1. Which of the residues that make up the range 142-183 are in a loop (DSSP other than H, G, I, E, B), surrounded by 14 or more Cβ atoms within 10 Å (Cβ to Cβ) and not basic (Lys, Arg)?
2. Across the range 315-367, what is the total count of residues that are assigned to a helix (DSSP H, G or I), of a type in the set (Gly, Ala, Ser) and within 17 Å of Asp227 (Cα to Cα)?
3. Can you name the number of the only condition in (1) open to solvent by 20 Å² or more (accessible area, probe 1.4 Å); (2) more than 26 Å from Leu333 (Cβ to Cβ); (3) part of a loop (DSSP other than H, G, I, E, B); (4) not hydroxyl-bearing (Ser, Thr, Tyr) that Pro139 fails?
4. Are any residues in the range 100-129 of a type in the set (D, E, K, R), open to solvent by less than 80 Å² (accessible area, probe 1.4 Å), under 23 Å from His347 (Cα atoms) and part of a helix (DSSP H, G or I), and if so, which ones?
5. Pick out the one residue from Glu337, Glu365 that is farther than 23 Å from Asp221 by Cβ, open to solvent by 50 Å² or more (accessible area, probe 1.4 Å) and out of contact with any His (no Cβ under 7 Å at 6 or more places or on another chain).
6. For Thr67, all conditions in the list (1) part of a helix (DSSP H, G or I); (2) open to solvent by less than 80 Å² (accessible area, probe 1.4 Å); (3) β-branched (Val, Ile, Thr) hold save one; what is the number of the exception?
7. Identify all residues within the range 121-143 that are in contact (Cβ under 8 Å) with a residue 40 or more places away in the chain and farther than 16 Å from Ala171 by Cα; write none if there are none.
8. For residues that are basic (Lys, Arg) and over 16 Å from the mean Cα position of the chain (by Cα), scanning just the range 144-187, find the one that is modelled with the lowest pLDDT.
Amino acid sequence: MSQFTVTGLDKLKAKAERYEVSERGGLRMRVYPTGRKSFYFAYRYGTQSKRMYLGEYGEDPPALNLTAARKRIQEARQLLEKNIDPGRVAMVEREAERDAETVQQLAHEYLEHHAKKFKRSWPEDKRILDKDILPVLGPLKAKDIRRRDLVKLLDAIEARGAPVAADRTGALISKMFRVGVHRGILDASPAMDLQRRAKGKRIRDRALDVDEIKIFWTKLDSAAMTDKVQAALRFLLITGQRRGELARADWSEFDLSEEKRKSSEIPQTPEPTTNGWNIPAEHAKNGKPHYVPLPDLAVTQLAILAKESKGKGPVLTWGKRPMTARALSRAVLRNMEHFKIPHFVVHDLRRTVATHLRRLSIPTEIV
């Protein structure tokens with residue numbers, strides 16, 4: 001065959017053994033017994049005869065049609081004019097493509113080298129990655145991800161009625177790809193300035209509604225967590241206090257008798273409460289001591305927490321070790337599918353209390 005034509009190439013039939021046809025200029029086609037057809041470029045580099053694989057024959061990318069194959073030969077000849085071996089360049093490019101990190105690998109680097117080092121909330125990042133990002137993008141090469149891929153992913157999350165979740169996912173994607181650039185995995189990020197979905201809302205504005213509170217409270221009984229963690233979460237929802245304050249609490253801070261309370265330096269309230277929690281300044285976020293009256297329902301949860309420690313030492317423990325605030329967050333995250341309500345974090349329990357107190361017209365200074 002002197003010069004290839006599309007019609008002529010299409011008519012080439014498979015034989016028992018593979019064979020080749022060629023045209024002037026070095027373009028060759030190899031036909032395999034299976035019927036597969038591949039383009040090659042035959043050339044000389046120095047004193048050596050060489051062959052360079054161009055690609056499979058076909059009209060739809062990544063396969064090559066006849067025009068595309070001839071264009072690649074032109075590019076190869078331009079390298080030869082500069083005394084560069086085009087076959088070597090193509091081999092390096094194929095190796096780079098083969099070794100390029102996937103989004104799954106990028107996510108691993110993000111978690112191990114950034115999130116776990118600098119973010120207490122890294123388990124939540126992992127949950128979002130596992131739930132919404134990696135099932136869609138995980139096997140793809142990170143360098144091949146386009147902005148349109150990310151927009152479609154966030155559109156799908158928003159379409160299920162979760163604009164805040166879409167915002168959280170978009171923020172995580174943006175950060176993960178920035179880390180990829182900083183670590184040399186990518187030359188540029190496709191995720192700059194992704195559009196916010198929850199317009200007019202901050203990401204951290206979650207408060208459980210009345211029905212969600214009932215579901216959360218009821219499903220705690222069957223959640224995959226210990227009785228102590230269940231009691232701690234209920235205690236936080238009852239009192240509206242911070243998880244870190246409870247994690248640092250010692251039983252000496254609790255005054256569960258009216259006689260002891262009256263003999264202390266705690267200011268009297270108009271209607272004295274028998275039970276209370278004295279949060280010391282060093283445990284409070286604002287650096288000021290704080291007194292929390294405790295209703296009977298809160299004291300019931302404390303009784304569960306006191307079973308193992310006998311009311312001495314740290315309030316939250318794993319056996320003889322103190323329990324961290326992060327352990328409470330992890331417990332909620334692990335059971336998010338079990339609760340079957342929109343995503344929330346432990347701190348949202350405090351916001352839930354404040355929100356419903358305001359709806360009851362409680363003055364802001366009291367809240």
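1. Within the range 142-183, Ile145, Ala162 meet the criteria.
2. Adding up the residues that qualify gives 4.
3. It fails just one condition, (2).
4. Those that are of a type in the set (D, E, K, R), open to solvent by less than 80 Å² (accessible area, probe 1.4 Å), under 23 Å from His347 (Cα atoms) and part of a helix (DSSP H, G or I): Glu124, Asp125, Arg127.
5. After ruling out the rest, the residue left standing is Glu365.
6. Every condition holds for Thr67 apart from (2).
7. Answer for the range 121-143, where residues must be in contact (Cβ under 8 Å) with a residue 40 or more places away in the chain and farther than 16 Å from Ala171 by Cα: Lys141, Ala142, Lys143.
8. Looking at the filtered set, the residue picked out is Arg160.
The values are calculated or read from the model by the stated rules, or taken from the named source; none is laboratory data. Just so it is clear, the structure is predicted and the values come from calculations on it, not from any experiment. Counting neighbours? That spans all protein chains shown, and the Cβs are built from the backbone with ideal geometry, glycine included. Ligands, DNA and RNA are excluded from the accessible area calculation, which covers all protein heavy atoms including side chains. Shrake-Rupley method; radii C 1.70, N 1.55, O 1.52, S 1.80 Å.
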